[in-house]
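Below is one structure; the comments refer to it alone.
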Amino acid sequence: MTSNGAVQPAVVEGVLERITYANEENGYTVARVDTGRGSGDLLTVVGSLLGAQPGESLRMEGRWGSHPQYGRQFSVENYSTILPATVQGIRRYLGSGLIKGIGPRIADRIVEHFGTDTLDVIEAEPKRLIEVPGLGPKRTKMIGAAWEEQKAIKEVMVFLQGVGVSTSIAVRIYKKYADASISVVKNQPYRLAADVWGIGFLTADRIAQAVGIPHDSPDRVKAGLQYALSQSTDQGHCFLPEERLIADGVKMLQVDTGLVIECLAELAADPEGVVRESVPDPEGGPDVTAVYLVPFHRAELSLVGQLRRLLNAEDDRMGSFRQVDWEKALGWLAGRTGADLALEQREAVKLALTRKVAVLTGGPGCGKSFTVRSIVELARAKKAKVVLAAPTGRAAKRLSELTGAEASTVHRLLELKPGGDAAYDRDRPLDADLVVVDEASMLDLLLANKLVKAVAPGAHLLLVGDVDQLPSVGAGEVLRDLLADGSPVPAVRLTRIFRQAQQSGVVTNAHRINTGLPPLTDGLPDFFLFPEEDGEEAGRLAVDVAARRVPARFGLDPRRDVQVLAPMHRGPAGAGNLNGLLQQAITPARPDLPEKRFGGRVFRVGDKVTQIRNNYEKGANGVFNGTVGVVTALDLVEQRLTVRTEEDEEVGYEFSELDELAHAYAVTIHRSQGSEYPAVVIPVTTGAWMMLQRNLLYTAVTRAKKLVVLVGSRKALAQAVRTVSAGRRFTAVASRLSGRIPAVNKA
């Protein structure tokens with residue numbers, strides 16, 4: 001202690017043995033360190049250990065303290081890695097999986113051969129590794145390259161440590177800029193927000209502050225405004241009204257309004273900056289000045305232009321349906337399918353086969369699927385080339401089972417390439433007479449634009465979906481815009497619930513929720529409510545129901561057949577916390593099961609995971625936000641993890657890329673769109689009050705094929721049923737389609 005009672009700074013050196021807890025959001029870590037005292041006791045250290053890996057020797061600066069439960073511990077304020085000097089330390093360091101290509105067995109061989117000179121040899125003469133029995137030239141070269149990369153990343157890590165940047169982001173910065181990393185970070189930190197996935201404006205701003213970029217720098221303000229627009233697209237908006245953007249900018253950046261207005265004008269003058277355009281107010285007031293990021297403005301103009309081009313095409317690749325005797329055709333169809341179509345279903349069939357663009361919408365149990373099957377049967381009978389697609393792998397699989405024809409994801413259909421460009425577009429359209437896209441409520445503006453561009457003039461496009469579900473995760477609400485008043489796109493809405501569907505509690509309650517009535521939760525064989533007012537208890541109960549009770553009673557597989565759908569990610573009954581609890585219940589740690597800790601997550605073989613960003617570099621045609629799969633292999637030496645996706649594709653991930661994956665035992669309702677599961681468990685608690693809305697609950701319930709279990713508060717459930725989603729998204733697609741915004745020739 002110093003004279004004023006403060007705890008004096010101290011220095012501790014030791015080998016990081018294991019990380020017992022890590023919070024991926026703030027970097028707070030609890031770890032066990034071997035200080036080499038020989039007693040076998042490990043020291044508990046706490047604090048920010050961003051980037052430190054088990055097996056590394058650390059020099060930690062901090063203060064000693066005591067915890068009532070865990071005893072003496074060391075709080076780390078700063079640390080650096082040091083190379084171990086003893087044979088035992090070197091063996092452990094190399095065998096920890098830190099250097100790609102070296103596992104414990106190979107580490108033993110290398111250290112046995114070179115002893116305490118091992119690290120000097122790898123550093124200065126890596127070619128000598130070939131002297132080690134069992135190490136060929138290929139592995140030797142790989143170890144040398146991995147060592148060099150590790151060293152370079154460490155240098156970047158040391159530089160970024162002061163601003164709290166995580167290891168994975170440091171690795172990405174290094175992969176993006178290599179030797180120029182430190183120069184870019186020092187001189188152009190706002191480039192990071194645009195160039196490196198996982199770095200938003202806030203992280204770039206923190207780095208910029210640390211390297212001395214002024215608070216009122218125009219570069220900072222412009223980057224901040226673009227970040228605000230980018231954030232709004234993540235919330236589903238295609239643009240922001242100028243006044244709101246300026247107000248948001250002033251509040252976020254803490255600078256003068258005048259400076260924000262000046263910088264916005266400069267961005268508007270830059271062809272790659274932003275676009276300003278006067279558009280009708282979605283709330284019905286006077287016109288507003290919309291500010292768009294360039295790709296979203298281009299996509300709106302292009303989507304509307306391409307839809308008009310299809311609607312007005314003179315050629316008709318399915319022209320034979322204009323002369324069809326419909327009574328005869330529908331009679332033939334009933335003979336094929338064994339059932340007659342209802343009146344509104346007949347309308348939909350005629351519309352899809354005689355109009356170039358059409359929309360079919362309706363809730364569960366109203367016969368959308370049977371109508372689609374009928375359309376495909378008739379088109380095939382006339383030898384039309386039919387192409388089927390859906391936004392997710394699961395939805396595509398379902399469409400394929402329904403029609404008996406191959407269906408793919410929209411991404412695979414268009415053959416998206418690295419960078420996101422499609423192999424099929426206006427210049428190279430799809431060879432199809434009829435393109436059917438199911439789950440079209442999931443199509444965001446950018447993907448819808450790519451899809452519509454690829455439909456050949458004269459071909460027919462049918463979009464099928466439930467407009468009452470949540471809109472797309474990405475920006476826009478395309479299906480709703482196509483159904484808006486004044487839209488030139490013809491549509492049929494199926495409203496009649498068929499008798500067999502009326503016997504389903506899931507279907508009945510979905511429609512009750514959609515009309516503002518509370519679901520029936522007593523006496524149904526497939527719809528239950530487990531009341532629990534306390535949020536934490538509700539979370540624990542949801543885990544017990546999903547992992548044990550439902551599988552035991554209904555004979556379902558808890559990993560494959562049961563999905564927990566949470567209104568939000570955070571909180572005791574949020575998807576983040578429930579994933580940890582469900583992993584413990586379904587894929588617990590075992591001594592014989594390899595695992596990889598990454599940030600606050602632990603990955604194991606058998607884990608159910610989901611991709612959380614679009615990555616066009618992975619798989620045959622990219623792996624997309626929302627793709628779900630199971631971890632099938634985990635190689636600690638090669639530092640790779642393999643996921644088999646729901647499309648039966650094996651996709652490899654370097655350990656440095658694991659922040660692209662999240663566990664998927666529980667997912668947010670938004671992320672479940674387009675998927676269907678035998679059983680869903682939905683925690684509904686007052687902790688998610690702001691998220692509780694009718695279309696959210698409706699979407700969750702309609703994900704279930706056979707069984708819904710609600711867990712939580714009756715009050716929260718009533719709130720969700722009562723609350724109609726507030727406010728529309730900022731998009732001008734409907735106004736452009738109806739002609740309220742004059743067409744501009746920029747498509």
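The values are calculated or read from the model by the stated rules, or taken from the named source; none is laboratory data. Please read these numbers as outputs of a predicted model, since none were measured by experiment. Because the Cβ atoms are built from the backbone with ideal geometry, glycine has one as well, and the counts that use them run over all protein chains shown. Heads up: the accessible areas ignore ligands, DNA and RNA and are worked out on the full protein's heavy atoms, side chains in. Shrake-Rupley method; radii C 1.70, N 1.55, O 1.52, S 1.80 Å.
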**Request:** Tell me which residues, restricted to the range 478-498, are of a type in the set (Asp, Glu) and open to solvent by less than 10 Å² (accessible area, probe 1.4 Å).
**Result:** Asp481
**Request:** Pull up the range 196-205, narrow it to residues that are in contact with a helix residue (DSSP H, G or I) (Cβ under 6 Å, 6 or more places away or on another chain) and assigned to a helix (DSSP H, G or I), then point me to the one that is nearest to Leu225 (Cα to Cα).
**Result:** Phe201
**Complete:** Quick count over the range 157-192, residues being at pLDDT 75 or above and among the small types (Gly, Ala, Ser), is 5
**Number of the condition not met by Gly335 [criteria: (1) part of a helix (DSSP H, G or I); (2) touching a residue at least 40 places away in the same chain (Cβ under 8 Å)]** = (2)
**Item:** Residues (of a type in the set (S, T, N, Q) and more than 27 Å from Thr409 (Cα to Cα)) located in the range 666-689
**Value:** Thr685, Thr686
**Message:** Among the numbered criteria (1) open to solvent by 30 Å² or more (accessible area, probe 1.4 Å); (2) closer than 23 Å to Glu314 by Cβ, which one does Ser369 miss?
**Reply:** (2)
**Request:** Report yes if Thr371 is among the polar types (S, T, N, Q), under 24 Å from Gln306 (Cα atoms), in contact (Cβ under 8 Å) with a residue 60 or more places away in the chain and in contact with a Leu (Cβ under 8 Å, 6 or more places away or on another chain), otherwise no.
**Result:** no
**Boolean, Pro558 is assigned to a loop (DSSP other than H, G, I, E, B), surrounded by 19 or more Cβ atoms within 10 Å (Cβ to Cβ) and in contact (Cβ under 8 Å) with a residue 24 or more places away in the chain** = yes
**Asked** Just to be sure, is Thr610 open to solvent by 30 Å² or more (accessible area, probe 1.4 Å), within 27 Å of Trp689 (Cα to Cα) and of a type in the set (Val, Ile, Thr)?
**Response** no
**Request:** Confirm whether Leu658 is outside any helix (DSSP H, G or I), more than 30 Å from Gly486 (Cβ to Cβ) and in contact (Cβ under 8 Å) with a residue 40 or more places away in the chain.
**Result:** no
**Request:** Confirm whether Ala396 is crowded, with 17+ Cβ neighbours inside 10 Å, of a type outside the set (Phe, Trp, Tyr), in contact with an Asp or Glu (Cβ under 7 Å, 6 or more places away or on another chain) and on the phi < 0 side of the Ramachandran plot.
**Result:** no
**Asked** Just to be sure, is Asp526 in contact (Cβ under 8 Å) with a residue 60 or more places away in the chain, touching a Gly at 6+ places or on another chain (Cβ under 7 Å), of a type outside the set (Val, Ile, Thr) and open to solvent by less than 40 Å² (accessible area, probe 1.4 Å)?
**Response** yes
**Item:** Candidates Ser80, Ser96, Ser75, filtered to the one that is surrounded by fewer than 19 Cβ atoms within 10 Å (Cβ to Cβ), within 16 Å of Gln150 (Cα to Cα), touching a residue at least 24 places away in the same chain (Cβ under 8 Å) and not aliphatic (A, V, I, L, M)
**Value:** Ser80
**Request:** Can you give me the number of residues within the range 546-581 that are over 17 Å from Ala679 (Cα atoms) and among the hydrophobic types (A, V, I, L, M, F, W, C)?
**Result:** 3
**Complete:** Selection over the range 116-143 where residues are within 21 Å of Arg92 (Cβ to Cβ) and either free of Cβ contacts under 8 Å to residues at least 24 places away in the same chain or open to solvent by less than 20 Å² (accessible area, probe 1.4 Å) (or both) yields a count of 11
**Asked** Can you find a residue in the range 307-314 that is closer than 30 Å to Gln231 by Cα and either in contact with a Ser or Thr (Cβ under 8 Å, 6 or more places away or on another chain) or open to solvent by less than 20 Å² (accessible area, probe 1.4 Å) (or both)?
**Response** yes
**Prompt:** Where in the range 31-148 are there strands (runs of 3 or more DSSP E), lying wholly inside it, with at least 1 residues that are acidic (Asp, Glu)?
**Reply:** 57-67, 71-82
**Message:** On the basis of being assigned to a helix (DSSP H, G or I), of a type in the set (Gly, Ala, Ser) and surrounded by fewer than 23 Cβ atoms within 10 Å (Cβ to Cβ), does Ser374 make the cut?
**Reply:** no
**Request:** Could you check Asp281 against (1) surrounded by fewer than 17 Cβ atoms within 10 Å (Cβ to Cβ); (2) among the acidic types (Asp, Glu); (3) in a helix (DSSP H, G or I) and say which number it fails?
**Result:** (3)
**For Val602: the one exception among (1) open to solvent by 40 Å² or more (accessible area, probe 1.4 Å); (2) of a type in the set (A, V, I, L, M); (3) touching a strand residue (DSSP E or B) at 6+ places or on another chain (Cβ under 9 Å)** = (1)
**Message:** Scan the range 206-220 and tell me whether some residue there is among the acidic types (Asp, Glu), outside any helix (DSSP H, G or I) and over 24 Å from the mean Cα position of the chain (by Cα).
**Reply:** yes
**Asked** What tally of residues in the range 55-75 results from selecting those that are touching a strand residue (DSSP E or B) at 6+ places or on another chain (Cβ under 9 Å) and farther than 17 Å from Lys154 by Cβ?
**Response** 13
**Request:** Would you mention how many residues in the range 572-598 are farther than 28 Å from Val684 by Cα and touching a Gly at 6+ places or on another chain (Cβ under 9 Å)?
**Result:** 2
**Asked** Can we say Val637 is more than 30 Å from Pro364 (Cβ to Cβ) and either part of a loop (DSSP other than H, G, I, E, B) or open to solvent by 20 Å² or more (accessible area, probe 1.4 Å) (or both)?
**Response** yes
**Asked** On the given criteria, is Pro364 more than 24 Å from Ala456 (Cβ to Cβ), buried (at least 17 other Cβ atoms within 10 Å of the Cβ) and out of contact with any Leu (no Cβ under 9 Å at 6 or more places or on another chain)?
**Response** yes
**Message:** Between Gly362, Gly393, Gly404, which is within 26 Å of the chain's Cα centre (by Cα) and not hydrophobic (A, V, I, L, M, F, W, C)?
**Reply:** Gly393
